[in-house]
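Okay, structure first, notes after.
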Amino acid sequence: MKNVVLVHGAFAPRSGWQQVYSILTKNGYHTTVVQIPLTSLEDDVVAVNRALNKLDGKAVLVGHSWSGTVITEAGVHPNVASLVFISAFQPDVGENTLQWVQSEPSAPESGLLPPDDKGLVYYDKEKFHAGFAADLTKEQANFMADAQQPIAASCFTDVISKAAWHDKKSFAILGSEDKSINPLILRKMYERSGTQLTEIKGASHVVFMSHPKEVANLIISAAN
């Protein structure tokens, strides 16, 4: 396989994939970086399917954080051969993301704010560095905080109707110091599905930005 599709999560702009993208393209992979609207699970799946429809051949579908839920649903697309979850949710049919978020205590550093009057969820800028990107520089974290794209709160209660990981080989990577999603939650999901897991000691929620080589190498393994 020479196709890779990268999908960003909530609060992290797709530009965060740049280092992983560069490594993949230098290794000959045709890499697509999808922009999802974060307005509903259905809307986000449509955006991913639009990218998959344009591919000539099979692909590795990669998702970070919230988009783990998205690729779980979108991954049933016939052009998807394998899935890679980057500190990402992996619910099953009939489940939603919120129930998993609430299944373990949140870290005190977590800056997930309540929905605003428009039903949108933002990440607290004051907590962004410690809670979201502790292993990046303060300058990088400040940029991400100011560039964040909010997510509709309703996304977290949208229920999964298909779970591609039942039928397609899955890989995952997570940071041991993730303060945005409790690593216990991720491990439980990956153990249930038999996903091949790599853990990076000391890495934050944005492990794909702080450890791009390790993440790219895992994607290449999935492609092989």
Which of the numbered conditions does residue 129 fail, given that it passes all the others? Conditions: (1) at pLDDT 95 or above; (2) of a type outside the set (Phe, Trp, Tyr); (3) open to solvent by less than 40 Å² (accessible area, probe 1.4 Å). (3)
Can you tell me which residue among 98, 38 is under 30 Å from residue 130 (Cβ atoms) and in contact with an Asp or Glu (Cβ under 7 Å, 6 or more places away or on another chain)? 38
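Residues of the range 95-112 being in a loop (DSSP other than H, G, I, E, B) and either touching a helix residue (DSSP H, G or I) at 6+ places or on another chain (Cβ under 7 Å) or under 20 Å from residue 177 (Cα atoms) (or both), which ones? Explain how you work it out, then say what you get.
Keep residues of the range 95-112 that are in a loop (DSSP other than H, G, I, E, B), which gives 95-96, 102-111.
96, 102, 103, 104, 105, 106, 107, 108, 109, 110, 111, listed by residue number.
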Scan (1) under 20 Å from residue 14 (Cβ atoms); (2) open to solvent by less than 70 Å² (accessible area, probe 1.4 Å) for the single condition residue 146 breaks and write down its number. (2)
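The rows are residues; the columns are (1) open to solvent by 10 Å² or more (accessible area, probe 1.4 Å); (2) modelled with pLDDT of 95 or more; (3) not in a loop (DSSP other than H, G, I, E, B).
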{"position": "50", "(1), (2), (3)": "yes, yes, yes"}
{"position": "62", "(1), (2), (3)": "no, yes, yes"}
{"position": "68", "(1), (2), (3)": "no, yes, yes"}
{"position": "71", "(1), (2), (3)": "no, yes, yes"}
{"position": "76", "(1), (2), (3)": "yes, yes, no"}
{"position": "92", "(1), (2), (3)": "yes, yes, no"}
From the list 82, 40, 65, pick out the single residue that is in contact with a Cys (Cβ under 9 Å, 6 or more places away or on another chain) and not aromatic (Phe, Trp, Tyr). 40
Can you name the residue in the range 11-40 that is of a type in the set (A, V, I, L, M, F, W, C) and open to solvent by 20 Å² or more (accessible area, probe 1.4 Å) and is also nearest to residue 213 (Cα to Cα) among such residues? 23
State which residue is farthest from residue 116 (Cα to Cα) when the search covers only the range 150-185 and only residues that are in contact (Cβ under 8 Å) with a residue 40 or more places away in the chain and hydroxyl-bearing (Ser, Thr, Tyr). 170
Within the range 19-48, the count of residues that are in a loop (DSSP other than H, G, I, E, B) and either over 18 Å from residue 68 (Cα atoms) or among the basic types (Lys, Arg) (or both) comes to 3
Residue count for the range 183-201, restricted to those that are at negative phi and open to solvent by 40 Å² or more (accessible area, probe 1.4 Å): 10
Hey, can you tell me all the residues within the range 149-167 that are in a loop (DSSP other than H, G, I, E, B) and open to solvent by 40 Å² or more (accessible area, probe 1.4 Å)? 149, 158, 159, 161, 162, 167
So which of 191, 139, 126, 214 ends up being free of Cβ contacts under 8 Å to residues at least 24 places away in the same chain, part of a helix (DSSP H, G or I) and closer than 28 Å to residue 59 by Cβ? 191
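Quick check on residue 87: is it of a type in the set (Ser, Thr, Tyr) and over 20 Å from residue 14 (Cβ atoms)?
Details: of a type in the set (Ser, Thr, Tyr): yes; over 20 Å from residue 14 (Cβ atoms): no.
No.
The values are calculated or read from the model by the stated rules, or taken from the named source; none is laboratory data. Please read all numbers here as calculations on a predicted model, not as lab measurements. In this analysis, Cβ positions are derived from the backbone assuming ideal geometry, glycine residues included, and neighbour counts consider all displayed protein chains. The protein model used for the area step is the full one, side chains on, heavy atoms only, and it has no ligands, DNA or RNA in it. Shrake-Rupley method; radii C 1.70, N 1.55, O 1.52, S 1.80 Å.
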